[in-house]
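Student: Before I ask anything, let me first share the structure, which is written out below as structure tokens.
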Amino acid sequence: MVFRRRRGQGLGAGIEDSPMTSKPAPLRGFGLGLRPPHYEAILAGAVRVDWFEALSENYFVDGGAPLYFLDRIAERYPIALHGVSLSIGSADALDRDYLRTLRRLADRVQPRLISDHLCWTGVDGARLHDLLPLPQTEEAVRHVAARVRQVQDALQRPLVLENVSSYLRYAHDTLPEWEFLDAVASESGCGLLLDLNNVYVNSVNHGFDARVYVDALSTRHVRQIHLAGHSRSLDGRLLIDTHDADVPEAVWRLYEHALRRYGAVPTMIERDDHLPPLSQLVAELDRARAVASAVLDRQVA
Amino acid sequence: MMSVHRAPSLLQAQQWLQRSVLAEDEPVGADGRLVVAGDAEEGLRIYREAYRLRLLEVLRDDYPLLHAVLGEDAFARLGLRYLSAYPSRSPSARWFGRDLRELLADRPALADLAGFEWLQGECFDAADADVVVLEDLAGLPPDAWPELRLTLHPSLRRRSGDHDLAPLLRGESTDEPARLTGARTWLLWRRQRQVHWRLLDDDEADALQAVAMGAGFGGLCERLCAWHEPERVALRAAALLKRWIVDGLVSGLRSAPMS
């Protein structure tokens, strides 16, 4: 497989050719979620962003503006594809049409990484368009692991799974979330996209120490980090993963903790709603760069 | 821990939770058995609300003018009825709203509008194709014209309706569209990534229908004979062809030899 050379690499400078031609070059540095209101600004000039993460399903179309902009941005920046509808944990069979469409998109943009969520989005054919939590059981670990292998075969690329925020737990859970996540990665061979906002949200909602979660994951599994903001439920008791606000201080502190444990991990800010101008997100991303430099330089020293 | 129930299978747990999210009055878990721990009711409320809000937002994005005409409350009521009647079964929410006009059978003006707005969405992300330019016609030998066939751009959509959507589309009004004196055809197509529309004259609608069905330029002229005096037909056909090409409606020309 030949990977297109792209400009605008930023941190780490240049694209390292992968020694294994069947694997994409790794993602490096600091990225942003790709959102349509920012298309023009991204193409208007050099943006201090090392890569963009595109929401896969937004490009499951035949043509027009979405693919036009994605193609042009992919010529200039590395792309990661991030899906919300794989439904890797559903008891339903995997959706083969979905996988074929994702494969076509991946062949088109040659992403550095393909991710989705460790969740289910519906059963018996229904689609709730939400990231519903899985029972944290050995049965679910085995179920997901077997399906990860099928997905990787269909895509001919590695899959990375992200931890989700949740607002309830199953009474029959047998594993804490971090053990569940680590077991899925170990058994399936998939990488992990660790959303630190989701870890923090769940630590409040379900009453655990977020640092214990970060410490428990095997360093080798963690391929990418998401930073984001959240809001509170109406009665104030639960945190909701709305991704509609600046990254809060508690999540920045957790990011420092994660960097000390995992070292340099490609990191991005994921903003879905109340979208500010691109320059504001780039400034927030600069803070992530500064936090990473401070932690990692101190480690080297 | 004492438990009188065996742990549910993955399928059972998902079916129970899904039923509880979809139906407001469904208790958490089958037969009131709790499948979730902690503050289950508050957690469930968040999932229920998020499900409804998310899909209502998808409908608002797909039908901004219908939303403007109905207003937020009536649109939300329509959306929730739709969510019950046509729950999403597609992995991409892009296709969720496709049948909304089915719930508007008793409001034909709004059904017309909904049909139009859905086609706008189809037009927006239909397949790309090159477009023909007038110069492509220049070298065509005279005897090739009768069999000249056009390939229309993949984004092109036509829709017949009998309500005047133009004031809404132009942003001049948010009133319910008025009834026209007869059915007219709307043409939608994409140029430079933007969706364009116009109302077709009846002869043009008929001619474009013939072209879409595979008629050559000769067939197009025959169709126009129903609308114009014979001496004006060639002129009108040439004018239509020119406009279609200039507007970017034509993505290919083929000319089969006369048999």
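The values are calculated or read from the model by the stated rules, or taken from the named source; none is laboratory data. Being a predicted model, the structure only gives us computed values, none of them experimental. Glycine gets a Cβ as well: all are built from the backbone with ideal geometry, and neighbour counts include every protein chain shown. Only protein heavy atoms, including side chains, enter the accessible area calculation; ligands, DNA and RNA are left aside. Shrake-Rupley method; radii C 1.70, N 1.55, O 1.52, S 1.80 Å.
Student: At 1.4 Å probe size, with no ligands or nucleic acids counted, give the accessible surface of B:Leu70 in Å², nearest ten.
Tutor: Ignoring ligands and nucleic acids, B:Leu70 comes out at about 40 Å².
Student: Divide by every residue of the protein assembly as shown the summed helix terms, -39500 (n - 2.57) for each DSSP H run of at least 4, and state the resulting mean residue ellipticity at 222 nm, rounded to the nearest 500 deg cm²/dmol.
Tutor: -13000 deg cm²/dmol
Student: Could you give the angle, 0 to 90 degrees to the nearest 10, between helix B:108-124's Cα long axis and the longest principal axis of the Cα atoms of chain B?
Tutor: Tilt of helix B:108-124: around 80 degrees.
Student: Counting DSSP beta bridges in the protein assembly as shown, what percent are antiparallel, to the nearest 5?
Tutor: 50 percent
Student: Residues of region A:90-104 with amide nitrogen under 20 Å from the 7 Å Cα-to-Cβ point of B:Ala127?
Tutor: Correct set: A:97-104.
Student: Return the long-range amide H neighbours of A:Ser115 (sequence gap of 5 or more, or a different chain), with a cut-off of under 5 Å between placed amide H atoms.
Tutor: Result for A:Ser115 returns A:Leu81, A:His82, A:Gly83, A:Val160.
Student: Next question, about the same structure. For region B:71-85, take each phi angle, set θ = phi - 60°, evaluate the Karplus expression 6.51 cos²θ - 1.76 cosθ + 1.60, and give the result in whole Hz per residue in order, putting x for glycine and proline.
Tutor: Using θ = phi - 60°, the values come out as x, 4, 5, 5, 5, 5, 4, 4, x, 5, 4, 5, 4, 6, 7 Hz.
Student: How do A:Arg112, A:Arg76 stack up against each other in accessible area, from largest to smallest, with a 1.4 angstrom probe?
Tutor: I get A:Arg76, A:Arg112, largest accessible area first.
Student: Which residue fluctuates the most in chain B, going by a Gaussian network model with Cα springs under 10 Å, if the choices are B:Gly71, B:Gly115, B:Gly79?
Tutor: B:Gly71
Student: Provide, in order from the shortest bin, the percent of all Cα-Cα pairs of region B:127-259 in each 10 Å bin, continuing until the bin that contains the maximum pair distance.
Tutor: 11, 39, 33, 14, 3, 0
Student: Taking all protein chains together and a probe of 1.4 Å, list A:Asp173, A:Asp116, B:Asp201 from the most accessible to the least accessible.
Tutor: Ranked list, largest accessible area first: B:Asp201, A:Asp173, A:Asp116.
Student: Could you sort the residues of region A:204-251 by number and keep only those whose accessible area is reduced by 10 Å² or more in the all-protein-chain setting relative to the chain alone, 1.4 Å probe?
Tutor: Residues of region A:204-251 that lose at least 10 Å² of accessible area once the other chains are added: A:Ser233, A:Leu234, A:Asp235, A:Arg237, A:Leu238, A:Ile240.
Student: With label points built 7 Å along Cα→Cβ from the Cα atoms of B:Asp136 and A:Asp97, find their separation and express it in nm.
Tutor: Going by the 7 Å Cα→Cβ label model, 3.1 nm.
Student: Given A:His38, A:Phe208, A:Leu285, which one lies farthest toward the positive end of the charge dipole of the protein assembly as shown, if we put +1 on the Cβ of every Lys and Arg and -1 on the Cβ of every Asp and Glu?
Tutor: A:Leu285
Student: Sticking with this one: Heavy atoms only, probe 1.4 Å: what % of the accessible area of the protein assembly as shown goes to carbon and sulfur, would you let me know?
Tutor: Here carbon and sulfur together make up 51 percent of the probe-accessible area.
Student: Additional query: List every residue whose amide H lies under 5 Å from the amide H of A:Ala245, counting only residues 5 or more places away in sequence or on a different chain, with H placed 1.01 Å from N in the peptide plane.
Tutor: Correct list: A:Gly229, A:His230.
Student: Also, I was wondering about something else. If I model a spin label at A:Arg48 and B:Arg159 as a point 7 Å from the Cα along the Cα→Cβ vector, what separation in nanometres do I get?
Tutor: Result: 4.6 nm between the two label points.
Student: Probe radius 1.4 Å, ligands and nucleic acids left out: which of A:Glu139, A:Glu249 has the largest accessible area, and how do the rest follow?
Tutor: A:Glu249, A:Glu139
Student: Taking both sides together, what accessible area is buried at the A/B interface, probe 1.4 Å, expressed in Å² and rounded to the nearest 100?
Tutor: In total, chains A and B hide about 3800 Å² from solvent.
Student: Quote the accessible area belonging to A:Leu113 in square angstrom, nearest 10, computed with a 1.4 Å probe and with ligands, DNA and RNA left uncounted.
Tutor: Approximately 20 Å² of A:Leu113 is accessible to the 1.4 Å probe.
Student: With the crude spin-label approximation of a point 7 Å out along Cα→Cβ, what separation in nm comes out for A:Tyr68 versus B:Glu222?
Tutor: Taking the simple label geometry, A:Tyr68 and B:Glu222 are separated by 3.8 nm.
Student: Give a residue-ordered list of calculated ³J(HN,Hα) values for region A:141-153 (Karplus: 6.51 cos²θ - 1.76 cosθ + 1.60, θ = phi - 60°; whole Hz; x for Gly, Pro).
Tutor: Calculated HN-Hα couplings, in order: 4, 5, 4, 5, 4, 5, 6, 4, 5, 5, 5, 5, 5 Hz.
Student: Would you mind calculating the gained length between A:Arg289 and A:Arg232 on full extension (0.36 nm times residue separation, minus the Cα-Cα distance), in nm to one decimal?
Tutor: Once the chain is fully extended between A:Arg289 and A:Arg232, it gains 17.8 nm.
Student: Here's something else I'd like to know. Residue by residue, what Karplus-based ³J(HN,Hα) values in Hz, rounded to whole numbers, does region A:84-97 have, using 6.51, -1.76 and 1.60 with θ = phi - 60° and x for Gly and Pro?
Tutor: 10, 10, 4, 6, 4, x, 5, 6, 5, 5, 4, 7, 5, 5
Student: Moving on to the next point. Could you work out, for chain B, what percent of all Cα-Cα pairs fall into each 5 Å distance bin, beginning at 0 Å and stopping at the bin that holds the largest distance?
Tutor: Values per bin, smallest distances first: 1, 5, 10, 12, 12, 11, 10, 8, 7, 6, 5, 4, 3, 2, 2, 1, 0, 0, 0.
Student: Rounded to the nearest whole Å², what accessible area per residue is found for chain A with the 1.4 Å probe?
Tutor: Per residue, chain A has an accessible area of 38 Å².
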